[in-house]
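Each remark here refers to the structure printed beneath this line.
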Amino acid sequence: MIEIRNCLKVYDQNNIVLDYANLSIKAGEMVAIIGESGVGKSTLLNIIGTVDKMDEGKYFFDNKEISKYKNKAIAQFRTKNIGFVFQLYYLIPQLTVYENLDIPLNYAKIPLKLRDEMILNVLKQLSVEHLKNKNVDNLSGGEKQRVAIARALINQPKVIIADEPTGNLDNKNTINIMKLFHNINKEGTTIIIVTHDLEIAGQCQKVYEIINGKIIERNLN
Amino acid sequence: MRTILTIIGLSIGTIVFLIGSTIVDSLKMNMIEKIDEFPDNIIIYQDISSNSFAYLSKMDHNETITPYNKVKVSDNIFIKNTQYIINYDITGTSNNFVNSGVPGSGEIPFSQINYLSGRVWSKKESEEKQLVVVISKYTAELLFPGKNPLEQFLLIPGIGRFKVIGIVNDLKEFAVQKDFPTKENNRLNLPDADVYIPYTTFIKIVNEKEIDLEYGDNIQFVVQKNRYADKITEAIKKSDFQFELSQLNNNYTRNKILLTINEDLQSFNIIFVSIYTLSIILCGFIVMNTMFFSIKERFHEIGIRQAIGANKSDILIQFLYECGVYNFLAVVLGVSVMIFLVSVFKIVLINHFIIYLSIQSIFIVFLVSFLQSFIFGLIPAIYATKIDIIEALKFE
């Protein structure tokens, strides 16, 4: 499903973050990417999520070469296929949960009459329907992350990309969020999680570690 | 708070324009109101084809003559209020009283009457049947030698004291022109001493005093009737009456006065438009500044929006829309304030001055506001589309 070939990413001309790295992720997998701080985990995630571009290399998604796409096509691709979950949730402040979930639907040009149902469905799926009209500023960390996951799921993407999704949560919420990811994964959505927490990574089917710009598959067992 | 201040700033710009346009429009309205008291176009026409019809007898007067009669003279010109002018023809004075004499003769288009000083009577004076009079230069010399006749009183026996409000040129010169041959005029070398009073005043005099107005009486009136206007039309058609249409555009026609007023107010308009243009530019920079601040503040949000599916056009439209909303609210606020102010002034200045806030001006501010939001919002909005998503997501 996702194939990255010979990915080169260099910052400031000398800082090689990804050194002709390769990665292959199959549809429906739950994958963890680990590594020390600054090794390029988030950069790799951003490249997979098409918010960043590689300097060299090719990116295939469902056998289509995304790296050739232009900006508008990339945005459309991202809207349709990728859902983002961030460590700090990145919900739009001052808006309600409902409004936050409506934004990606709006960008995806989903008709108004369908949106309400889609939002309610995803809120139910994540057991946060009671938060529908709450301002996101008034939610707890766990609630915010659930809403962020709901937003990532709203357009029914093929891949969820989660950058340290539990990094800001306590143990209880971490367990709940990981359960949620497992459930979503069971329904067929590919999940890629960047984490430095080996316990979290251990819950994934595959674990890749970035070492010296190369992506190496690790067996944590 | 910044947004609110921006909206207030923009609405002040709107108010500046509306105040300017309201002043200009109100001045114009008030001037037109005053001018409307004048007859639209005045023409007098004396027919010499018979001995009797040119002089109004009681019997003549009983014929229906509508003061506001509108007569089509040609395809282009409508003459209103024809009957407002009466040629009260005198030939001399005795003890400052008007004496009898040979009535005025010759065909005299009113376009030949030019006001040398003073004014014609207003509609109000005419309708209220006030005793005002316009006299010819020759009459003035006869009755008020060496004096300024304006505001003086002309005593007509058995009728009353008429206040002199205007002096016009003598018409005898015209009467002797070969194009307008006279039939019975034994005094071609002297101008007639003409006196003009409002028709309505005349009617009042006739009704109340029951003056028997016969040829040879001390006082003789010549009045224009509807049928003469028809004759003019007919004469024009036959081309045996060289009627210069341009002669109607003398210095005292309503249209010409309106034209002059419009020209004068145009200068005001230019000043206010200049001020408004400056205020638009100033407000535009305020909008731009606010938009840049807003984008800077929402730098991170822009990154989030891009990450969840927004493309560049979505971001562009979002910020243009927000800019448009600011401007729209500002205009609504400005217009509301102006409507309130105009209402207050209308109450305060009731009957003294017409305050007029035109729909056209309101439409203009909405249109300009729309254009302003687009022009001055475009640069910040384009800037927002160029924000790097990674940088924006990192930005805290």
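With a 1.4 Å probe on protein heavy atoms only, tell me which residues of region A:40-66 lose at least 50 Å² of accessible surface in the complex relative to the chain by itself.
Residues passing the criterion (a loss of at least 50 Å², heavy atoms only) are A:51.
Which distance in Å, rounded to a whole number, links the C-alpha centroids of region A:82-124 and region B:256-297?
Answer, in whole Å: 42.
Can you compute the charge dipole magnitude of chain A about its Cα centre, using +1 on each Lys and Arg Cβ and -1 on each Asp and Glu Cβ, nothing else charged? Give it in debye, rounded to the nearest 20.
My answer is approximately 760 debye.
Given the protein chains as shown and a 1.4 Å probe, how many square angstrom of residue B:356 are accessible, to the nearest 10?
Taking all protein chains as shown, residue B:356 has close to 90 Å².
Hey, quick one: spin label on residue B:347, modelled 7 Å out along Cα-Cβ, who in region B:1-19 has an amide N within reach, i.e. under 13 Å?
Label zone hits: none.
Residues in region A:105-137 near a label at residue A:187, defined as backbone nitrogen under 15 Å from the 7 Å Cα→Cβ point?
Zone members listed by number: A:117-129.
I'd like the interface area for chains B and A: accessible area of each alone minus the complex, both sides summed, 1.4 Å probe, protein heavy atoms only. What is it in Å² to the nearest 100?
The buried area between B and A, both sides summed, comes to about 1600 Å².
Leaving ligands and nucleic acids out of the surface, order B:296, B:386, A:206 by accessible area at 1.4 Å, largest first. Intermediate results must be reported in sequence, preceding the final value.
Values: B:296 120, B:386 150, A:206 45 Å².
In descending accessible area the options line up as B:386, B:296, A:206.
Checking the table A:70/B:312; A:53/A:214; A:134/B:296; A:144/B:394; A:70/A:109 against a 21 Å threshold on Cα-Cα, which pairs fail?
Where the Cα-Cα span goes over 21 Å, the pairs concerned are A:134/B:296.
Per residue of B:292-305, what is the mean number of Cβ atoms on other protein chains within 10 angstrom of that residue's Cβ?
Taking all residues of B:292-305 together, the mean is 2.
Work out which helices of chain A, taken as complete DSSP H runs, extend at least 27 Å along their axis over the Cα atoms and score a mean Kyte-Doolittle of 1.0 or more, then list them.
none
Most fluctuating residue of A:83, A:202, A:142 in a GNM of chain A with Cα springs under 10 Å: which is it?
Result for chain A, Cα springs under 10 Å: A:202 fluctuates most.
How much FRET efficiency would the formula 1/(1 + (r/R0)^6) give for residue B:340 and residue B:367, where r is the Cβ-Cβ distance and R0 is 22 Å, rounded to 0.05?
The computed FRET efficiency comes out at 0.50.
The values are calculated or read from the model by the stated rules, or taken from the named source; none is laboratory data. Note that the coordinates shown come from a computational prediction; the quantities given were computed from them, not determined experimentally. Positions of Cβ are generated from backbone atoms using ideal geometry, with glycine treated the same way; all protein chains shown enter the neighbour counts. Heavy atoms of the whole protein, side chains included, go into the accessibility calculation; ligands, DNA and RNA do not. Shrake-Rupley method; radii C 1.70, N 1.55, O 1.52, S 1.80 Å.
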